[in-house]
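The structure under discussion appears below in the form of structure tokens.
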Amino acid sequence: MRDIKIFCLLIGFSLNAHAAFTEPEMSQLAEINEKALEKVEIAKKDLDKTIKETIKSIPEEKGRILDLKKSWEVTIQKKCTLEIFESLHRDAEIAERSSCLVDEYKAEREFFYKLRF
């Protein structure tokens, strides 16, 4: 009898878990997340390139630029975590965090770009 109850619970759980997402939905979510992560990587590479160019432009400020970059990264991570707290541990978490990171990296890039002039 105990084995039957366990079996029924497992069947019920697996049906509910399967019903949450169909294969096409899971595939779409994975694709959305992958594209979002790619955008983060591009924004991060653009930022790093701009910082290198800024350091070349004003090498005497290299230490301060790198210090600011480090603290800015910590701030961005904390800000994006707080900004998406409603999405944490949900399907939209990766896309929401990625969107926040891209926006913040672009703002940081713009700041460092303007320093050169």
Pairs, please: C-beta under 9 Å, at least 6 apart or cross-chain, first residue over 14 Å from GLU104 (Cα atoms) and open to solvent by less than 30 Å² (accessible area, probe 1.4 Å) and in the range 44-62, second modelled with pLDDT under 95 and in a helix (DSSP H, G or I)? THR54/LEU115
Picked from the range 96-117 (must be more than 17 Å from LEU82 (Cβ to Cβ) and either touching a strand residue (DSSP E or B) at 6+ places or on another chain (Cβ under 7 Å) or modelled with pLDDT under 95 (or both)), the residue surrounded by the fewest Cβ atoms within 10 Å (Cβ to Cβ) is PHE117
Out of all the residues in the range 62-79, which are out of contact with any Ser or Thr (no Cβ under 9 Å at 6 or more places or on another chain) and β-branched (Val, Ile, Thr)? VAL74, THR75, ILE76
Failed criterion for GLU83 (all others in (1) open to solvent by 80 Å² or more (accessible area, probe 1.4 Å); (2) closer than 20 Å to LYS44 by Cβ; (3) modelled with pLDDT of 95 or more hold): (3)
In the range 79-96, what residues are part of a helix (DSSP H, G or I) and without any contact (Cβ under 8 Å) to a residue 24 or more places away in the chain? THR81, LEU82, GLU83, PHE85, GLU86, SER87, GLU93, GLU96
Please state which of the following conditions LEU29 fails to meet, knowing it meets all the rest: (1) open to solvent by less than 60 Å² (accessible area, probe 1.4 Å); (2) at pLDDT 95 or above; (3) of a type outside the set (Lys, Arg). (2)
Got a number for residues in the range 86-95 being open to solvent by 50 Å² or more (accessible area, probe 1.4 Å), charged (D, E, K, R) and under 15 Å from ALA30 (Cα atoms)? 2
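The values are calculated or read from the model by the stated rules, or taken from the named source; none is laboratory data. Bear in mind that the values here come from a model prediction, so they are computed numbers and not experimental data. Don't worry about glycine lacking a Cβ; one is built from the backbone with ideal geometry, like all the others, and counts go over all protein chains shown. To get the accessible areas, we keep the full protein, side chains included, count just its heavy atoms, and leave off ligands, DNA and RNA. Shrake-Rupley method; radii C 1.70, N 1.55, O 1.52, S 1.80 Å.
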